[in-house]
1. Failed condition for B:V192, given (1) over 19 Å from A:S357 (Cα atoms); (2) modelled with pLDDT of 90 or more; (3) out of contact with any Phe, Trp or Tyr (no Cβ under 8 Å at 6 or more places or on another chain); (4) hydrophobic (A, V, I, L, M, F, W, C), with all others met?
2. Let me spell it out: the conditions are (1) touching a residue at least 60 places away in the same chain (Cβ under 8 Å); (2) β-branched (V, I, T); (3) open to solvent by 10 Å² or more (accessible area, probe 1.4 Å), and A:T128 meets all of them except one. Which number is the exception?
3. Can you name every one of the strands (runs of 3 or more DSSP E) wholly within the stretch B:167-268 that holds 3 or more residues which are open to solvent by 10 Å² or more (accessible area, probe 1.4 Å), within 16 Å of ligand 3 (Cβ to nearest atom) and at positive phi?
4. Looking at the stretch A:355-383 only, could you name the residues that are open to solvent by less than 40 Å² (accessible area, probe 1.4 Å) and within 16 Å of ligand 4 (Cβ to nearest atom)?
5. Checking A:P386 against (1) crowded, with 19+ Cβ neighbours inside 10 Å; (2) within 16 Å of ligand 3 (Cβ to nearest atom), only one condition comes out false. Which one?
6. Evaluate the stretch A:331-343: report whether one residue or more is open to solvent by 20 Å² or more (accessible area, probe 1.4 Å), in contact with a helix residue (DSSP H, G or I) (Cβ under 7 Å, 6 or more places away or on another chain) and facing chain B (nearest Cβ under 10 Å).
7. Could you tell me which numbered condition A:A79 fails, if it satisfies all but one of (1) open to solvent by less than 40 Å² (accessible area, probe 1.4 Å); (2) touching a Gly at 6+ places or on another chain (Cβ under 7 Å); (3) at pLDDT below 80?
8. Return only the number of the condition from (1) touching a Cys at 6+ places or on another chain (Cβ under 7 Å); (2) of a type in the set (A, V, I, L, M, F, W, C); (3) in the same structural domain as B:L13 (by TED's automatic domain parsing) that B:C268 does not satisfy.
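The values are calculated or read from the model by the stated rules, or taken from the named source; none is laboratory data. Please read these numbers as outputs of a predicted model, since none were measured by experiment. Here Cβ is always computed from backbone atoms with ideal geometry, including for glycine, and neighbour counts include all displayed protein chains. Quick note on the areas: whole protein, heavy atoms, side chains included, nothing else; ligands and nucleic acids left out. Shrake-Rupley method; radii C 1.70, N 1.55, O 1.52, S 1.80 Å.
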Amino acid sequence: MAPRKDIDYMDGESDSDVDVIDDSGDRGKKGKGKAIDRRKKDKGKGKSSEQPYAWEASYTRSWDTVQEDEAGSLTSAVADLVARGRRRRLLAPANAIRRTIIRHLIIILDLSASMLDRDMRPTRFGLTLEYAREFIVEWFDQNPLGQIGLVGMRAGLGERLSEMSGNPQDVLKALSERHKLEPAGEPSLQNAIDMARTSMSHLPTHSSREILIIFGSLTTVDPGNIHDTLDACIRDRIRVSVVALAAEMKICREFCDKTGGQFGVAMNEGHFKDLLFELIPPPAQRALSRAAGAGATNLAADLMMMGFPVRLPDTSPPTLCVCHSELKSEGFLCPRCSAKVCDVPTDCDICGLMIVSSPHLARSYHHLFPVKPYQAVTTLDDTSTPAKSCHACARSFPEAAATNVATTEGLSPLGRYRCPDCHHDFCTDCDVFVHDVVHCCPGCGK
Amino acid sequence: MDKPSHISVILDLSPSQWHLSSLPENPHPLSLRSFLSQLLAFLNLHIASKHENTLAVFGAFPSKSVMLYSSTDPEADNTENVNPNMYHPFQVVDSRVVTRIEEELESLDQSEEEAPIGLVGALTKALCYINRIIHPSASQSSGTTSEDPTTLPDPRILVLSVSPDLSTSYIPIMNSIFSAQKLKVVIDVCKVYGPDTVFLEQAAHLTGGSYIYLDRRDALLQHLIMSHMPSPALRKLMTVPTQDKIDFRAACFCHKNIVDIGFVCSVCLSIFCAPVPVCSTCRTKFPIKTLQRLNASRPPGLKPANGALKTAPSTPHTRGPSTPR
Ligand SMILES: [Zn+2]
Ligand SMILES: [Zn+2]
Ligand SMILES: [Zn+2]
Ligand SMILES: [Zn+2]
Ligand SMILES: [Zn+2]
Ligand SMILES: [Zn+2]
């Protein structure tokens, strides 16, 4: 079981939902760098020749690198970004992808003295905290049933910064107490990973276990053989991903390769963020196309009984809750035994039913039923009565084809994008909005 | 009221439901015509209360949805029958909304009238429209929305519903709710006729709007003005009626039943109303042992079978702030 699943994880090459927006340098080259990155091949060599590391560059500012076109406008640059987003969607595999949606992640932060380095502005430490906060918010947004814990590496020890929690505020609070996180000493990968591993050992089998290490050092001070820790991670099916801020370390890459995680060295601030945010979408488990009855033996999958409660208003008469025995007005009623609990998701203290609010589950359904990509309309000759305005927002379409963007692949010169199912036309903005936010075609209503 | 506000009104225009609503057996019969006259007064009030206020009206007809009016896309006015005694914007709104509704209702034939209404389409169109007016994009160089961000209106959606829940639209409605949250759009719901709808209750709750079940339907206009007129910012200062309890039930994927206890696939979180051997969404096969255990624990007794206790496979010790510390 274990090895097969690991391979599934590694398949997830093209599943990143994260935009590859580069803040610096040549777009074409950067795209290539990314691809190599994902494929985890020859990466060190390929990359260094293409883009300077942050400490090599004299100074870079993203706004310097946005190119104006001959007419002095930024529209072509923007259009290019949009076009790339569209192409990415069209390339994404349309067939069933299974994702491990109940995720458990422990973020290991390097809090050693090397994080005080100033090659990233303001410091590696400051930037890491800032990005970690953004990462956590976005992660919970996309993985509503997931949980995150925090572990720090400082002075040769692993420190538990926050327990596993499903509430983003709990996790963010641990990061907000900056004075408690001041970097010092040497890091110990082994201690920190072991700490993370043991805190995930009790988790149910159908959830994912992941570790993300943000590593700024080039050394690790370990009490024992770190390869034993690696073996233990493989045995526990923990997926380890590393974002290195300094350079590649062999042991880090080995951890990622052998556990099915992703490894990347951040070249600059923007790339650091890209690497982190690539880890946000749930890792795909390819629909098991391989023969040998693979699906039948997928022990990790399970059917869970869940209850959807009724929430009592703040104005209802106070009653005792079963979890704290406190008098309260508000609360949730267990649908099976009608006990009142304070908060969901939780297990009913009386009958043991898992109580979740259905919107929690529904937040991830757009992964399951994505909207089909709209096709760019290149000519109206074959349409008998073309719609005058966008079917969703009623913005009128331009009368004539724009000439300057006509050559870009995946972009409609008429600004029209057509749903393959309901054959209604939508404008550029609605196309992006429908696919990225609403996840439901306004024409089909499905 | 320093900021202008935008309301996208979604009208549930199911002919069969409005027919039921107007029957004299009801305690307070309300016909579509008298509903519209009260609604138009409310719309006029919204436009008149601040010059920059904007309005869009969407109609959810049986199996389709239509934008009836929007204040940013003035179509060519038919100026022949201008009533000099009426404030012109009022007249434009009133005549446009009423004529469009009449046109659409007329074009329905008998067989279509029973079809469920296109609420999802209307909701997503309203969201796309709001997205357009609050993010006047650079790629679109039309001059109509070239306002600076401080004068962009506070958007909200008001749903006037008469139809019962359509359980097949559970997922799209949930998706619309989450996009409304992302856009910071408040969804208000006024249930004019029919049973409470679980999904719209959740929509109002999750977006911070208010859900009102209209008991006295002869007081529709008063309800609209008192509880849906104040902008969400003002509601912090005023007491507006709120809903009492919120039902978090979901619809199962297999029969579209609304369930309070469901069986959830751990891979894709699809909900089923009964234990199934294979997930119909992601084709995962479930272990036979689980099925036997779940089936054994299913008949709801006073005390659940032992298996049920083991069934809930979650992580009670770390989940959420509810555990005692
Ligand atoms: Zn309690
Ligand atoms: Zn219970
Ligand atoms: Zn549009
Ligand atoms: Zn469509
Ligand atoms: Zn069912
Ligand atoms: Zn499934």
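1. (3)
2. Evaluating A:T128 over (1) touching a residue at least 60 places away in the same chain (Cβ under 8 Å); (2) β-branched (V, I, T); (3) open to solvent by 10 Å² or more (accessible area, probe 1.4 Å) leaves (3) as the failure.
3. Counting at least 3 such residues, we get no strands (runs of 3 or more DSSP E) at all.
4. Scanning the stretch A:355-383 gives A:V371, A:Y374, A:A376, A:V377, A:T383.
5. A:P386 satisfies every listed condition except (1).
6. Within the stretch A:331-343, not a single residue is open to solvent by 20 Å² or more (accessible area, probe 1.4 Å), in contact with a helix residue (DSSP H, G or I) (Cβ under 7 Å, 6 or more places away or on another chain) and facing chain B (nearest Cβ under 10 Å).
7. (2)
8. Single failed check for B:C268: (3).
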